Amino acid sequence: MNEHAVVIAGGGPAGMMLAAELALAKVDVAVVERRPNHVLVGSRAGGFHSRTIEVLDQRGVADRFLAEGQVAQAATFGTTVLDMSDFPTRHPYSLGIWQNRIERIMAAWIAELPVRIYYGCEVSGCAQDGAGVEVERSDGQSLRAAYLVGCDGGRSVIRKAAGIEFPGWDPTRSNLIAEVETTDEPPKGIRHDATGVHALHTMEDGRTVRVIVTEQQIGPASEPTLRDLSEALVAVYGTDFGIHNPTWISRFTDMTRQAATYRAGRVLLAGDSAHVHYPAGGQGLSLGVQDAVNLGWKLAQVVNGTSPESLLDTYHDERHPVAARALQHTMAQAALQRRDERIQALVDVVSELAAMDEPRKRLAGIISGLDIHYDLGEGHPLLGRRMPDLDLVTADGPLRVFELLHDAKPLLLNLGEAGDFDITPWADRVQMIDAEYGGAWELPVLGAVRAPTAVVIRPDGYVAWVGDRTHLGLPEALSVWFGPPAAA
Ligand SMILES: Cc1cc2nc3c(=O)[nH]c(=O)nc-3n(C[C@H](O)[C@H](O)[C@H](O)COP(=O)(O)OP(=O)(O)OC[C@H]3O[C@@H](n4cnc5c(N)ncnc54)[C@H](O)[C@@H]3O)c2cc1C
C-alpha cells in the first residue's frame, strides 16, 4: 500500500491548486484522478475572476493563463455588466479562458513540482482512524494518508463517505451544454426568455458551436443525448440548426448546496465537493482555487508539525461564509437571467442601482473576490483582507509584494525603520523584509486606508497582523498562524 502525507481525491482545478500549494510547502502529496490524463472533454467554465488571477500571480504563474485568455474589465451580475476598471489591483478584470485550457496549464505547472498523480484511478471510499485515512480505490487497492482532501466535484464520493451533510436547494431548472457542428448557421449570442438563458457561440476552430440551452422541464439525471439537445433547441429557437457530430453534451442545474462542514477529522473538502451552484456569474472555479490556497499552507503546517490541528478549523471558519454568500448571489443572479416582464422590471431596478458607484463596487467586489474579509478580529481595515501588490523598494532593489509570496512562505513586511523587528523564534518559518513604500494605500470597495508601519502576510496573501507604529500583538499573531516560537 502506498503512503503519502496528503492524498487529494480529484485532479480538477481545486485539486491541482491544492497539490501545488502542498508541494511548494514540501509536503508529500498525491492526487488520485479518475480521468486517464488531465485532458478535459468539453470547454466547461469560461474563465475566472480578478482575485483568482491575483492568487496565481502570488505564485508567479498568472502570466501563463493571461497569455492564453482574454481580459474583460467587467464583472456580470445576472445580466447587468459592472465596470471594474477603477479597482485598485494590477488585474482589474476577469479572464476569459476555457476550463480545459486552465486545466492544461495547471497540469503543466504541477508537473514541474514534486506531485505524484495517479491518473485513471477512481476513489471509491475512505475510512479514518486516529492516525490516518485509508483511501479506497475502485480497483481494489488502497492508499494511506495522514489527511485526505476531497476535491472530487459536486457528486463527491469523499463527502458522502465522510458522512458530511450537503444541505441546500433542489434544482428548479436544467441546462444542456454541448459542442456540436451545425448544418445551418445559428444566430450567435445570448438570449433570455421566461425559462432562462440560452447561448450560441462559435469556438476558435470556426466550425464547432458551443450551445447552452435551458430545458423546458428539468432533465433526468441520466446522460443527455443529441436528441435531448435537438428538442431543447427546437423549443427555444424553432429549429435545431441541423446539429450533428457532438464532441461533448452535458447537463447542469441550478441545484445549490453547501457542505455543512468542510472538515470531518482527517478528511477535508474543497471546491465543488464543498459547494455547488448555478454557474451564473462564473464563480465556481474561482471559489475552488481560493479554497485550495486557504487550505494548502494550513494543512502543510499541520502535516509538518509546525501548527496544531486546530489551525485546520480556521479553513471552514473562513471559507464557508465566502461560499455561502456566493451561493446566495448566484441564486439571485439565476433569477435575474429568467426574462418575463416582471423579472425584466427587477433587472431594470438592479441595473439602475448598479450604475451608482457604491452598489457597483460592492457587487463587483463580491464577484471578483477582491472584497473577501476573513474575520480575524477588530483592528486596522487591512486585517483579514488581501494584501495589495505594492511596488516596494528593498535593499535588493524594487520588488512587488506578490513576488515575495512565490514560495508560499509567510512574510513580515517592515515598512518602518529598518531592523525594527526581531522574529528570531519564527525565523525558520517566516521571512522578514525591510522595505519602503511611499504610495497610496487603497483597498477595493473600501477605498483609502491609513498606511501601516508593518504587516504580517499569510502565504495565501491575507493580512494576519497590522503594525500601526507598535509591535503589540505580534508574537501572539505569529504563534496563532505559524506555530509556537522555537525554543532559544
Ligand atoms: C457551463 C458551466 C460554466 C461554468 N463557468 C464557470 C466560470 O466561468 N467560472 C468559474 O469560476 N466557474 C465556472 N463553472 C464552474 C466550474 O466548472 C466548477 O466550479 C469547477 O470545475 C470546480 O472545480 P473542482 O476542481 O472543485 O471540481 P471539478 O472540476 O468537478 O473536478 C473534480 C475532479 O475530480 C475527478 N473525480 C471525480 N470523482 C472522482 C473519484 N471518485 N475518484 C477520482 N477522481 C474523481 C474528476 O474527474 C475531476 O477531474 C462553470 C460550470 C459549468 C457547468
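Just a yes or no: is a residue in the range 83-97 aromatic (Phe, Trp, Tyr) and at pLDDT below 95?
Looking for residues that are aromatic (Phe, Trp, Tyr) and at pLDDT below 95, one finds none in the range 83-97, hence no.
Every residue in the range 176-215 that is more than 26 Å from Thr80 (Cβ to Cβ) and either buried (at least 18 other Cβ atoms within 10 Å of the Cβ) or under 29 Å from the mean Cα position of the chain (by Cα) (or both), please.
Ala178, Glu179, Val180, Thr182, Met203, Glu204, Asp205, Thr208, Val209
Here is a yes/no grid of residues against (1) farther than 20 Å from Gly46 by Cβ; (2) out of contact with any His (no Cβ under 7 Å at 6 or more places or on another chain):
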position	(1), (2)
Asp184	yes, yes
Arg191	no, no
Arg207	no, yes
Thr214	no, no
Gly219	yes, yes
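Within the range 249-277, how many residues are open to solvent by 10 Å² or more (accessible area, probe 1.4 Å), farther than 16 Å from Ala145 by Cβ and of a type outside the set (Gly, Ala, Ser)?
Taking the range 249-277 and keeping what is open to solvent by 10 Å² or more (accessible area, probe 1.4 Å), we get 249-255, 257-258, 260-261, 263-266, 272, 276-277.
Subsequent filtering for residues that are farther than 16 Å from Ala145 by Cβ retains 249-255, 257-258, 260-261, 272, 276-277.
Checking which are of a type outside the set (Gly, Ala, Ser) leaves us with 249, 251-255, 257-258, 261, 272, 276-277.
Of the residues in the range 249-277, 12 are open to solvent by 10 Å² or more (accessible area, probe 1.4 Å), farther than 16 Å from Ala145 by Cβ and of a type outside the set (Gly, Ala, Ser).
Among the listed residues Ala67, Ala30, identify the single one that is away from the ligand (no atom under 16 Å from the Cβ) and over 19 Å from the mean Cα position of the chain (by Cα).
Ala67
Has the range 427-445 got at least one residue that is on the phi > 0 side of the Ramachandran plot, open to solvent by 10 Å² or more (accessible area, probe 1.4 Å) and of a type in the set (A, V, I, L, M)?
yes
Name the single residue, out of those in the range 293-348 being within 19 Å of Pro167 (Cα to Cα) and among the basic types (Lys, Arg), that is most open to solvent (accessible area, probe 1.4 Å).
Arg325
Might you check whether a residue that is without any contact (Cβ under 8 Å) to a residue 12 or more places away in the chain, part of a loop (DSSP other than H, G, I, E, B), of a type outside the set (Phe, Trp, Tyr) and away from the ligand (no atom under 15 Å from the Cβ) occurs anywhere in the range 285-306?
Step one: list which residues in the range 285-306 are without any contact (Cβ under 8 Å) to a residue 12 or more places away in the chain, which gives 305.
Within this subset, residues satisfying the condition of being part of a loop (DSSP other than H, G, I, E, B) are 305.
Keeping just the survivors that are of a type outside the set (Phe, Trp, Tyr) gives 305.
Subset that is away from the ligand (no atom under 15 Å from the Cβ): 305.
For the range 285-306, residues without any contact (Cβ under 8 Å) to a residue 12 or more places away in the chain, part of a loop (DSSP other than H, G, I, E, B), of a type outside the set (Phe, Trp, Tyr) and away from the ligand (no atom under 15 Å from the Cβ): present.
Within the group Ala260, Ala274, which residue is modelled with pLDDT of 95 or more and within 16 Å of the ligand (Cβ to nearest atom)? First the steps, then the outcome.
Working: Ala260 fails: within 16 Å of the ligand (Cβ to nearest atom).
Just one listed residue meets the conditions, Ala274.
The values are calculated or read from the model by the stated rules, or taken from the named source; none is laboratory data. A quick note: this is a predicted structure, and the numbers were derived from the prediction, not measured. Using ideal geometry, Cβ is built from the backbone for each residue, glycine included, and neighbour counts are taken over all protein chains shown. Accessible surface is based on the protein model in full, side chains and every heavy atom, while ligands, DNA and RNA are left aside. Shrake-Rupley method; radii C 1.70, N 1.55, O 1.52, S 1.80 Å.
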